[in-house]
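K.L.:
So that we are looking at the same thing, I have put the structure below in structure tokens.
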Amino acid sequence: MVIKKQTIHPKILYYGNPVVLLTTANEDGTTNISPISSSWALGHMLVLGLGTDGKAYENLERQGECVLNLPGPDLWTHVERLASCTGKEKVPLGKEAYGCISIQDKFGYAGLIRQPSAMVDVEAVAQCPLHIEAQVMHIRKPDYLEGVAIVEVEALTVQAHKDILEESNHHIDPSVFSPLIYNFRHYFQLGNELGKTVRA
Ligand SMILES: Cc1cc2nc3c(=O)[nH]c(=O)nc-3n(C[C@H](O)[C@H](O)[C@H](O)COP(=O)(O)O)c2cc1C
């Protein structure tokens with residue numbers, strides 16, 4: 001059977017990933033925050049897709065640690081406030097094109113609260129119910145595509161708010177935890193549960 005589709009040429013292929021507020025350490029020990037949606041997990045490894053003109057990439061290449069802070073839908077306006085700013089002192093040309101500005105204190109700028117992390121020298125975002133502290137294992141800059149890097153990080157510890165945990169206190173309760181979804185440049189939240197996999 002063929003169900004006919006049309007050939008299209010979309011500029012982006014962001015088909016609904018969770019938003020991560022990636023925190024990284026600046027040269028002076030302060031913390032930068034970068035919203036990203038290109039991330040996926042393979043066991044305890046996480047793969048991040050980053051633009052190489054951003055401060056997050058610069059910090060990860062130099063200092064090697066980060067926190068993946070998972071915001072809920074309630075934080076979408078805070079995330080969007082960070083969409084057009086960079087921790088770089090000089091705004092890169094590509095970011096200037098969409099009115100990006102340089103902000104050194106992104107916590108203050110976006111109304112987010114800082115908190116110390118357990119195992120890395122990078123602050124976390126207090127309002128996010130889930131923090132994955134991680135260290136860089138490998139960075140690859142594909143030679144077929146300019147301006148992006150594939151960064152592999154290893155989770156060192158996972159810090160979860162008690163409200164999103166099942167009674168055992170070791171598993172995240174998926175009926176409570178709610179990621180913020182970035183779907184073709186629009187923000188969404190999850191709908192109702194449909195079922196569970198055999199391994200749940
Ligand atoms: C919801 C959202 C998702 C984004 N996803 C990514 C991403 O996956 N990778 C990336 O490099 N930039 C992504 N961006 C753009 C960066 O957040 C943006 O370039 C920002 O200026 C980076 O800040 P920095 O230069 O301080 O690291 C995203 C932005 C938003 C708002």
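What follows draws every value from the coordinates through simple rules; no lab data is involved. In this text the structure is predicted, and so the values were computed from the model without any measurement. Every residue, glycine among them, receives a Cβ derived from its backbone with ideal geometry; neighbour counts consider all protein chains shown.
K.L.:
Please list, ordered by chain and number, the residues whose modelled amide H lies under 5 Å from the amide H of Leu180; skip anything fewer than 5 residues away on the same chain.
P.N.:
Val19
K.L.:
For Leu82, Leu145, what's the fewest-to-most ordering of other Cβ within 10 Å of each Cβ?
P.N.:
Values: Leu82 20, Leu145 9.
In increasing order of surrounding Cβ atoms, one gets Leu145, Leu82.
K.L.:
Counting C-alpha atoms alone, how compact is the chain: give Rg to one decimal and Dmax as a whole number, in angstrom.
P.N.:
17.5, 60
K.L.:
Report the percentage of all Cα-Cα pairs in segment 1-91 whose separation exceeds 23 Å, rounded to a whole percent. Display every interim value, and only then the final one.
P.N.:
Numbers: 1374 of 4095 pairs.
Distances greater than 23 Å cover 34 percent of the Cα pairs.
K.L.:
If you find the alpha carbon centre of segment 119-175 and of segment 23-57, how far apart are they in angstrom?
P.N.:
9 Å
K.L.:
Counting only residues 5 or more places away or on other chains, whose amide H sits under 5 Å from the amide H of Ala124 once H atoms are built in the peptide plane?
P.N.:
Under 5 Å from the amide H of Ala124 lie the amide H atoms of Gln115, Ser117, each far enough along the sequence or on another chain.
K.L.:
Also, quick follow-up: With a cut-off of at most 15 other beta carbons within 10 Å, and DSSP calling the residue loop, which chymotrypsin sites (Phe, Trp or Tyr not before Pro) in segment 57-127 qualify? Please list them.
P.N.:
Working: sites: Tyr57, Trp76, Tyr98, Phe107, Tyr109; in loops: Tyr98.
Qualifying residues, ordered by number: Tyr98.
K.L.:
Most exposed first by the Cβ proxy, i.e. fewest other Cβ within 10 Å, how do Leu190, Leu50 rank? Walk me through the numbers before you get to the answer.
P.N.:
Numbers: Leu190 14, Leu50 23.
So the residues, fewest neighbours to most, are Leu190, Leu50.
K.L.:
Please list 3J(HN,Hα) in residue order for segment 50-56, calculated via the Karplus relation 6.51 cos²θ - 1.76 cosθ + 1.60 where θ = phi - 60°; whole Hz, with x for glycine and proline.
P.N.:
Once rounded to whole Hz, the list reads 10, x, 7, 8, x, 6, 4.
K.L.:
Next question. Ranked by Cβ crowding within 10 angstrom, fewest neighbours first, how are Met119, Met1 ordered? Each step should come with its number before you reach the end.
P.N.:
Details: Met119 13, Met1 2.
Exposure proxy ranking, most exposed first: Met1, Met119.
K.L.:
Given a Förster distance of 35 Å, report the FRET efficiency between Val176 and Tyr98 from their Cβ-Cβ distance, rounded to the nearest 0.05.
P.N.:
Numbers: r = 36 Å, r/R0 = 1.02.
The value I calculate is 0.50.
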